[in-house]
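Reading through the structure tokens given below for one structure.
The values are calculated or read from the model by the stated rules, or taken from the named source; none is laboratory data. Since the model is a prediction, treat every value here as computed from it, not as a measurement. Because the Cβ atoms are built from the backbone with ideal geometry, glycine has one as well, and the counts that use them run over all protein chains shown.
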Amino acid sequence: MGDLWTLILDTVIVLGGATLFGLIFEKLKLGSVLGYLSAGVIVGPSLLNLIESQDMIHLIAEMGVALLLFTIGLEFSWKRLVSFGKKAVLSGAIALLSIMVVMAGIGVAFNLDWRAALAIGASASIGSTAMVLRILRNRKEMDATHGRFSLAILLTQDVALIPLVLIVSFLAGDGSSLATTIGSAVLNTALLVVGMTLVVSLVIPRLLDEKVIARNREIPILLAITTAIGATWAAHALGVSPALGAFIAGLLLAEGRFADQMRADALPLRTLFMAVFFVSIGLLADISWIGMNVGLVLGATVLLIVAKTVITYFSVHPFHRSIVDSLATAIAISQVGEFSFVLLDSARNGGLIDNDLFKLATSVTLLTLFLTPFMTGNAQRLALGLAKILVPTRKLIMSERQAHKNVDPHNHVIVIGFGPTGRTAAREINDADQEVLVVDSGPQIIREATKCGFDTIFGDATQLAILEKAGIKTASAVVVAVPDHISVRIIASQCKHAAPDIPVVVRSRFHLFAEELNVVGADMVLDEEQTMGILLGRSTLTLIRSQSQLNLPDSTSESA
């Protein structure tokens, strides 16, 4: 009973510290995540020592990472990953493997056992999806080129967690034969995946239906928490990483019928899990050890960030010729992320790395996470400054012009929004032998447009970068077929700002907003209410005249 009350007190301390320092860091405009990390460092054994038990710290850290990875898995979308395109995903895979091999090579060069070096390389190869995604979203850079490449690489790294955990588990084997070690790891993971798949695909759909969810919105939340904790326990029982079990559970639920509702209802829980996780990372920091080895920690951090930046740049640049965008992508994801703690913990528990190496790895990871808001938030500016230093000005200008060369330099029509209205407009324009480029923010809609034979760009057209990518300055016209009048107004304004001489044709679903669209500079506003009224009137008159002509012979016959 005493342990239970100790756990409750420790939880209060963790959440209280997260709240207090989160507020302080938000007021300082440094971001709440840095506040959570700082809270862990301050309340942990390094400073105030409010949470004394190492076992309790380990438990909080393990549950924190498991619950966070569950929410990341729940928000993961295979469709979204595919929508980034093969180039972005392939660059992510190349970056991950290259970083792992290079960092392992550096470890061996410093007299590290090759198995330990490979485990360290695997942990270093993963960036922080949770932090980078949050920063890009706050800065509205998710649709920017470096934002899309960053997210594609991070999502690819997320998927790679499963094989990486298997690799580290194999390396940390207990001396059994190669076949036994691999067989055991693969079998246990397969049992976990099959068991979770059966639960998610067979049991949960029978328990839930639309009527149940409509009557009680608490059920999806309870189901999500139960599944996350159940998967964590099942993974532990099978000798698999508990965090891996939670992540797999989230991935499987993300593909279910009720995924959207679960994501929406579990959003407040994500905030809780993220706070607990990042506080738990701070708890692992050993300030006294870092103080005694400050040179080693700083040197390793600089080496890691530089190595990851260089390797990621050369992994992205062949697929996107822009030097600045490739550098910005590399800088944005140069940190070591939350998944790394899963691998480091497995390596330590398996005896691959000793306590000092674990402290070094966690210290470097913690420091890179502290630097992430600055690195990711200023990635584009840092990349431009670095490119100007490293690349001759003339070559840089020519490279950027070539990389951002418009998709079609000769008079294409940009159709924004590929709903029923946009689809019809695109076909009409295309039938007149005019090339059409479709822009839409829906992955499924973009796939449909591609199947119809149109060139496409996935992105939010309210962002100027997306319009420039679509070749707004050399288009013959822009058709805005988006139904939402606010989006239409923003898009029309952005179009006229980027290319004042390009004709912009927009739709206005309601007469009330037609004049507003004229004011922002649209060259032609099709007022749907007014246009439909005119068509109704003309059609009615045509019908009346037609009916009169049909009745005319009968009237003549009667009068005769």
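Among the criteria (1) under 19 Å from the mean Cα position of the chain (by Cα); (2) not assigned by TED's automatic domain parsing to the domain that holds V132, the one E400 does not fulfil is (1). If you go through the stretch 502-535 and pick out every residue that is modelled with pLDDT of 80 or more and either surrounded by fewer than 15 Cβ atoms within 10 Å (Cβ to Cβ) or on the phi > 0 side of the Ramachandran plot (or both), you end up with 1.
Sub-9 Å Cβ pairs linking a first residue in the stretch 138-152 that is at positive phi to a second residue that is surrounded by fewer than 24 Cβ atoms within 10 Å (Cβ to Cβ) and of a type in the set (S, T, N, Q), at least 6 apart or interchain, are K140/Q463, ordered by first then second residue. Among the residues of the stretch 132-143, those that are touching a Leu at 6+ places or on another chain (Cβ under 8 Å) and crowded, with 22+ Cβ neighbours inside 10 Å comprise V132, L136. Going residue by residue through the stretch 312-322, is there one that turns out to be assigned to a helix (DSSP H, G or I) and surrounded by fewer than 17 Cβ atoms within 10 Å (Cβ to Cβ)? Looking through the stretch 312-322, at least one residue is assigned to a helix (DSSP H, G or I) and surrounded by fewer than 17 Cβ atoms within 10 Å (Cβ to Cβ). As a summary of the residue check, E141 satisfies the conditions (1) assigned to a loop (DSSP other than H, G, I, E, B); (2) modelled with pLDDT of 85 or more except for the one numbered (2).
In the stretch 262-312, the qualifying residues are those that are among the aromatic types (F, W, Y) and within 19 Å of the chain's Cα centre (by Cα), and the one that is modelled with the lowest pLDDT is F273.
Collect the residues in the stretch 316-356 that are over 19 Å from the mean Cα position of the chain (by Cα), touching a residue at least 40 places away in the same chain (Cβ under 8 Å) and under 23 Å from P163 (Cα atoms), keeping them in residue-number order. Scanning the stretch 316-356 gives F341, V342, L343, L344, D345, S346, A347, N349, G350, G351, L352, I353. L371: surrounded by 18 or more Cβ atoms within 10 Å (Cβ to Cβ), on the phi < 0 side of the Ramachandran plot, assigned to a helix (DSSP H, G or I) and in contact (Cβ under 8 Å) with a residue 40 or more places away in the chain, yes or no? For L371, the condition - surrounded by 18 or more Cβ atoms within 10 Å (Cβ to Cβ), on the phi < 0 side of the Ramachandran plot, assigned to a helix (DSSP H, G or I) and in contact (Cβ under 8 Å) with a residue 40 or more places away in the chain - is not met. For V203, the test of being at pLDDT below 80 and either assigned by TED's automatic domain parsing to the domain that holds A465 or over 23 Å from the mean Cα position of the chain (by Cα) (or both) is passed. Could you list all residues from the stretch 419-440 that are farther than 19 Å from P503 by Cα and buried (at least 20 other Cβ atoms within 10 Å of the Cβ)? Residue satisfying the conditions is D440 alone. Just one of the listed residues (A104, A61, A122) is at pLDDT below 90 and assigned to a helix (DSSP H, G or I), namely A61. Taking the criterion of being part of a helix (DSSP H, G or I) and crowded, with 23+ Cβ neighbours inside 10 Å, the only residue of the stretch 351-361 that qualifies is A361. For the stretch 415-453, a residue qualifies if it is part of a strand (DSSP E or B) and either farther than 16 Å from A470 by Cβ or not aliphatic (A, V, I, L, M) (or both), and exactly one does: D440. Of a type in the set (F, W, Y), under 30 Å from H317 (Cβ atoms) and outside the structural domain of A88 (by TED's automatic domain parsing): is that true of F454 in this structure? Yes; evaluated as a whole, the condition is true for this residue. Entry remark, the stretch 457-485: residues being charged (D, E, K, R), within 22 Å of P420 (Cα to Cα) and touching a strand residue (DSSP E or B) at 6+ places or on another chain (Cβ under 8 Å) number 0 in total. So in the stretch 113-127, with the set limited to residues that are touching a residue at least 24 places away in the same chain (Cβ under 8 Å) and among the aliphatic types (A, V, I, L, M), which one is nearest to G351 (Cα to Cα)? Only one residue tops the list, namely A116. If you check A461, A465, A492 for being within 20 Å of A144 (Cα to Cα), modelled with pLDDT under 80 and not in a strand (DSSP E or B), only one passes: A465. Among the residues of the stretch 374-384, is there at least one that is charged (D, E, K, R), out of contact with any Phe, Trp or Tyr (no Cβ under 8 Å at 6 or more places or on another chain) and at pLDDT below 85? No; the residues of the stretch 374-384 include none that is charged (D, E, K, R), out of contact with any Phe, Trp or Tyr (no Cβ under 8 Å at 6 or more places or on another chain) and at pLDDT below 85. Answer with yes or no whether L541 is modelled with pLDDT of 70 or more, assigned to a helix (DSSP H, G or I) and not charged (D, E, K, R). Yes; evaluated as a whole, the condition is true for this residue.
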